[in-house]
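**Q** The structure is given below, and queries will be raised subsequently.
Each value in this text was obtained by applying a stated rule to the coordinates, not by laboratory testing. Since the model is a prediction, treat every value here as computed from it, not as a measurement. Virtual Cβ from ideal backbone geometry, glycine too; neighbours counted across all protein chains shown.
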Ligand code: SF4
């Protein structure tokens, strides 16, 4: 205590009490389950206007009404309020104080799911299957980044769609045609099980787990938003895949129509000379996420 | 609450078997009356009880199971969000329940061949409710009561009273299928 070193740390590091993280996670758990982001809501309303199949339009109208009821009456948009997935980007100049970070995140989830009347959908062991009773633990992805901020993204995931997500370890020779085929096959298999219209997150490259995280993160990008940093082919592939997916005829709720997906978001990463990993994260129309920067 | 399905029939639940077998895949129906609610964990318990030769805590004969696990009701409310869950996860347990007289199911998504065969054998019907419309559908529920396995929390067996609950026939009693 009181050494020169600790004084230097204090100057360099921004201190953030983990209780602030708990509080923010709690609030986000409640808000994301009652209201979708503006881009998602607009995409749904736009689709309801454009859908050419009568049955599909009826379903989209129900889904738009559902969003209204959820917001006005504070009833969760969907009864599957998900497993909490948390992306934490922590600046390397931040000193987190006041307790264990993982516990702070889980405490936020615990409080949010209790106070928000959200469903507790997590079991303590995949085989024994006792409900933990508070929707913890969350799935937490932590990344250390430059700077002195903490970026928290909460994206609860329902398992009707999570169960239909897939990883395909393609060969380099499969190329872009192989990627298209893998995404389309995954979407067709998901069909009515995963609550279409979907947002399809695709991760290409990296390795087995990296492509899965890329696919999940792709869901966080606004539907229809371009990402300037990506190689040129990505935008064209997103458009083409969206078109192909909407030609399958699966439609809203799988009852037929031309709105099977609202968006396809692709993220890419360098990979090994021998591989072409492709992960497809299927998300239902209840694509919930919120980001806050501390 | 006004339902949106246009070409709809109105039916009572529990079903009149005569009416039930007239339904065709693709028909939209609004249901009023009472339903049972059960999902994964309750089905597993039903199945284990039957394997041990025990009685089930509720009779399924002539009844309808809605595959659903609601969010907790806010104070003063009947239920929380209450949309369908994926039916295929119940497939392993379903043929046995159909053979015991279960006559209709409400969920979302595809069923196995074994379930479809058992449905035809028992003249049962599988309906879909709109997945991800839990807030909207909760407005068609006028009463909800836990009737078994309370310890399962969101997966407990419930008895619901519904009014104009909108569903669509995915698989009919004659083997016709929408998907
Ligand atoms: S897949 Fe999505 S919309 Fe469907 S039940 Fe699960 S969370 Fe809800």
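**Q** In region B:125-179, what residues are within 18 Å of residue B:62 (Cβ to Cβ) and without any contact (Cβ under 8 Å) to a residue 60 or more places away in the chain?
**A** B:126
**Q** Same structure, new question: Among the residues of region A:242-262, how many are at negative phi and not in a loop (DSSP other than H, G, I, E, B)?
**A** First, the residues of region A:242-262 that are at negative phi: A:242-248, A:250, A:252, A:255, A:258-262.
Checking the rest, the ones that are also not in a loop (DSSP other than H, G, I, E, B) come to A:242-246, A:252, A:261-262.
So the answer is 8.
**Q** Further question on the same structure: Is it fair to say residue B:16 is out of contact with any strand residue (DSSP E or B) (no Cβ under 7 Å at 6 or more places or on another chain) and either within 30 Å of residue A:55 (Cα to Cα) or buried (at least 21 other Cβ atoms within 10 Å of the Cβ) (or both)?
**A** yes
**Q** When residues of region A:160-184 are filtered for being assigned to a loop (DSSP other than H, G, I, E, B) and within 16 Å of the ligand (Cβ to nearest atom), how many remain?
**A** Here is the first cut: in region A:160-184, the residues assigned to a loop (DSSP other than H, G, I, E, B) are A:163-165, A:171.
Add one more test, that the residue is within 16 Å of the ligand (Cβ to nearest atom), and what stays is A:163-165.
The number of residues fulfilling the criteria is 3.
**Q** Out of all the residues in region A:14-53, which are in contact with a strand residue (DSSP E or B) (Cβ under 8 Å, 6 or more places away or on another chain) and over 23 Å from residue A:106 (Cβ atoms)?
**A** From region A:14-53, those in contact with a strand residue (DSSP E or B) (Cβ under 8 Å, 6 or more places away or on another chain) are A:14-18, A:21, A:24-25, A:28-29, A:31-32, A:37, A:40, A:43-44, A:47; that's our starting set.
A:14, A:37, A:40, A:43, A:44, A:47 - these are the residues of region A:14-53 that are in contact with a strand residue (DSSP E or B) (Cβ under 8 Å, 6 or more places away or on another chain) and over 23 Å from residue A:106 (Cβ atoms).
**Q** If I go through region A:54-85 residue by residue, how many of them are in contact with a strand residue (DSSP E or B) (Cβ under 7 Å, 6 or more places away or on another chain) and buried (at least 24 other Cβ atoms within 10 Å of the Cβ)? First the steps, then the outcome.
**A** Applying the first criterion (in contact with a strand residue (DSSP E or B) (Cβ under 7 Å, 6 or more places away or on another chain)) to region A:54-85 yields A:82-85.
Filter again for buried (at least 24 other Cβ atoms within 10 Å of the Cβ), leaving A:82, A:84.
Number of matching residues: 2.
**Q** Okay, next question. So how many residues does region B:155-176 have that are within 11 Å of chain A (Cβ to nearest Cβ) and over 18 Å from residue B:133 (Cβ atoms)?
**A** Counting residues in region B:155-176 that are within 11 Å of chain A (Cβ to nearest Cβ) and over 18 Å from residue B:133 (Cβ atoms) gives 2.
**Q** Residue by residue through region B:61-96, note down the ones that are outside any loop (DSSP other than H, G, I, E, B) and within 7 Å of chain A (Cβ to nearest Cβ).
**A** So the first thing to find is which residues in region B:61-96 are outside any loop (DSSP other than H, G, I, E, B), and the list is B:64-66, B:86-90, B:94-96.
Result: B:86, B:88.
**Q** Collect the residues in region B:97-116 that are within 16 Å of the ligand (Cβ to nearest atom) and within 11 Å of another protein chain (Cβ to nearest Cβ), keeping them in residue-number order.
**A** B:107, B:108, B:109, B:110
**Q** Scan region A:124-132 and give yes if some residue there is in contact (Cβ under 8 Å) with a residue 40 or more places away in the chain and either crowded, with 20+ Cβ neighbours inside 10 Å or assigned to a loop (DSSP other than H, G, I, E, B) (or both), otherwise no.
**A** no
**Q** OK, next. Looking at this structure, is residue B:136 farther than 24 Å from residue A:81 by Cα and within 16 Å of the ligand (Cβ to nearest atom)?
**A** no
**Q** Across region A:266-292, what is the total count of residues that are under 13 Å from residue A:182 (Cβ atoms) and either away from the ligand (no atom under 13 Å from the Cβ) or part of a loop (DSSP other than H, G, I, E, B) (or both)?
**A** Count: 6.
**Q** Inside region A:18-123, counting only helices (runs of 4 or more DSSP H) that do not spill past its ends, which hold 2 or more residues that are within 14 Å of chain B (Cβ to nearest Cβ) and away from the ligand (no atom under 16 Å from the Cβ)?
**A** In region A:18-123, the matching helices (runs of 4 or more DSSP H) lie at A:54-73, A:101-115.
**Q** State yes or no: is residue A:225 closer than 24 Å to residue B:127 by Cα, surrounded by fewer than 24 Cβ atoms within 10 Å (Cβ to Cβ) and touching a strand residue (DSSP E or B) at 6+ places or on another chain (Cβ under 9 Å)?
**A** Criteria not met by residue A:225.
**Q** Please pick out the residue among A:278, A:286, A:264 that is closer than 20 Å to residue A:56 by Cα, more than 14 Å from chain B (Cβ to nearest Cβ) and buried (at least 19 other Cβ atoms within 10 Å of the Cβ).
**A** Working: A:278 fails: closer than 20 Å to residue A:56 by Cα; A:286 fails: more than 14 Å from chain B (Cβ to nearest Cβ).
Among A:278, A:286, A:264, only A:264 is closer than 20 Å to residue A:56 by Cα, more than 14 Å from chain B (Cβ to nearest Cβ) and buried (at least 19 other Cβ atoms within 10 Å of the Cβ).
**Q** For the condition within 16 Å of the ligand (Cβ to nearest atom) and either surrounded by 14 or more Cβ atoms within 10 Å (Cβ to Cβ) or more than 21 Å from residue B:116 (Cβ to Cβ) (or both), what is the one hit in B:34, B:64, B:79?
**A** After applying the criteria, what remains is B:79.
**Q** So, one more: Go through region B:134-154 and give me each residue that's in contact with a helix residue (DSSP H, G or I) (Cβ under 7 Å, 6 or more places away or on another chain) and either in a strand (DSSP E or B) or facing another protein chain (nearest Cβ under 8 Å) (or both).
**A** Those that are in contact with a helix residue (DSSP H, G or I) (Cβ under 7 Å, 6 or more places away or on another chain) and either in a strand (DSSP E or B) or facing another protein chain (nearest Cβ under 8 Å) (or both): B:135, B:136, B:139, B:152.
**Q** For region A:185-218, enumerate the residues that are outside any helix (DSSP H, G or I), within 16 Å of the ligand (Cβ to nearest atom) and more than 14 Å from chain B (Cβ to nearest Cβ).
**A** Selection gives A:200, A:201.
**Q** Looking at (1) loosely packed, with under 14 Cβ neighbours inside 10 Å; (2) more than 22 Å from the chain's Cα centre (by Cα); (3) closer than 16 Å to residue A:177 by Cα, which one does residue A:249 not meet, given that it meets all the others?
**A** (3)
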